[in-house]
Amino acid sequence: PMAELAPEVPVRNPFGQDAPLRLVHLLEHTSGWADYTLKQFATHGRGMRLADAVLKDSPYTVRYAPGLYYAYANPGSAAAALMVERASGTPYYDFVKSRWFEPLGMASATFDKPVRDLAVSYLADRKTSAGYMELSARAVGALNVTPRDLARYPLLMLGRGTLDGRTYLSPESVARIERGEASAAARAGLKELYGLANLPSYHRKATFRGHGGAVDGALALAEYWPGHNSGFVLMWTVQKENDAAEVVRNYLTRDAPMPPPPKDAPVDGGIDRLAGTYQVISVRQPFGEPFDALLNPPVVTVEGPKLVIDGKK
């Protein structure tokens, strides 16, 4: 429980002891927390301690029972990093450097602003510099690193926890990182869910895993194809992402056969009962996103034996 691992962080959980907030909920983004607002993201954070960054946005409110719905919430990642700090007795950024970056050979990796060799990032016009965004809770995604060094991560995961003959994680741990458990979807038997800070990317021939990140004028993506010795790292220094990732996925899977279509699952009462207009419950932000969900709700129709969701079968 978070109350034991980081008791100093105020959390409003109306579900109490019946549904305690646990570390796994923060890592799988099933905590019920809202994501940062743009203002919170943009808060200048140079030199701020992780604990101060976590506390400045507290108290955190649990909107629905932990372990129920997935909704990405960056504050949960910062709180999870604080738990690592408390358990290890070492500042989080120092812990990650000594435990991961240095052993993995990621010499360029730092959560601080580099003093040199920093690429210039641009806004959507590709001419105006976006500047450098100082995140107060840098553990949520302010890693400065070269593409070559970041590639050590997908290589480690492709090796099922072993890289260059050294084992950092057991294969069982890697499998758990890739597997979602703390959600209603997982308990219903759905696979290929968000794991422990590990995201599936669905491609027509394969499912890639990994994670991406984005701030104004800077985007990054590190993915791998489990069991196929393939992965990639992409970085953009522009505001808007392009289709480069899908081009790379198409190339890596060019010789792979198309997987067989999923088996039709019987639906109690017939498939027609699933048609209709749906309401999005698990939004990232309590402001703004619900209006979008009301204006553009998911629409499900039936074509023969297939469901069509927003025009996609």
Quiz item: Gaussian network model of the chain, Cα springs within a sub-10 Å range: biggest mean-square fluctuation belongs to which of Val283, Val299, Val62?
Solution: Val299
Quiz prompt | the stretch 83-132: trypsin sites (Lys or Arg not before Pro) in DSSP coil with no more than 12 other Cβ atoms inside 10 Å | solution = Arg116, Arg126, Lys127
Exercise. Could you size up the charge dipole of the stretch 166-297 around its Cα centre, putting +1 on the beta carbon of Lys and Arg and -1 on that of Asp and Glu, and report it in debye to the nearest 20?
Key: 360 debye
Exercise. For the chain, give the percent of accessible area contributed by carbon and sulfur heavy atoms, probe 1.4 Å, rounded to a whole number.
Key: 56 percent
Practice problem: Take every Cα-Cα distance within the chain, group them into 20 Å bins from 0 onward, and report for each bin the whole-number percent of pairs it holds. | Solution: 27, 61, 13, 0
Quiz item: Tell me, what is the per residue accessible area of the chain in Å², probe radius 1.4 Å?
Solution: 57 Å²
Quiz prompt | Table column - 3J(HN,Hα) (Hz), the stretch 168-184, Karplus curve with 6.51, -1.76, 1.60, x for Gly and Pro | solution = 9, 9, 6, x, 5, 5, 4, 4, 5, 4, 8, 10, x, 10, 9, 7, 5
Exercise. Past 31 Å, Cα to Cα, is the threshold; run Lys191/Lys306; Lys39/Lys312; Lys56/Lys127 against it and keep the listed order.
Key: Lys39/Lys312; Lys56/Lys127
Practice problem: Provide the percentage of antiparallel DSSP beta bridges, counting only those with both residues in the stretch 192-313; round to the nearest 5. | Solution: 100 percent
Quiz item: What number, in percent, do you get for the relative contact order of the chain if the mean sequence gap of Cα pairs under 8 Å and at least 6 apart is divided by its residue count?
Solution: 16 percent
Quiz item: Regarding the stretch 198-313, what is the average projected area of its C-alpha convex hull, in nm²?
Solution: 9.9 nm²
Quiz prompt | Selection of trypsin sites (Lys or Arg not before Pro), the stretch 1-66, meeting DSSP coil and at most 13 other Cβ within 10 Å | solution = Arg46
Quiz item: Counting alpha carbon pairs within less than 8 Å and at least 6 residues apart, what relative contact order, in whole percent, applies to the stretch 15-129?
Solution: 28 percent
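The values are calculated or read from the model by the stated rules, or taken from the named source; none is laboratory data. Remember, it's a predicted structure, so these values are computed and weren't measured experimentally. Using ideal geometry, Cβ is built from the backbone for each residue, glycine included, and neighbour counts are taken over all protein chains shown. We work out accessible area using only protein heavy atoms, side chains counted, and drop any ligands, DNA or RNA first. Shrake-Rupley method; radii C 1.70, N 1.55, O 1.52, S 1.80 Å.
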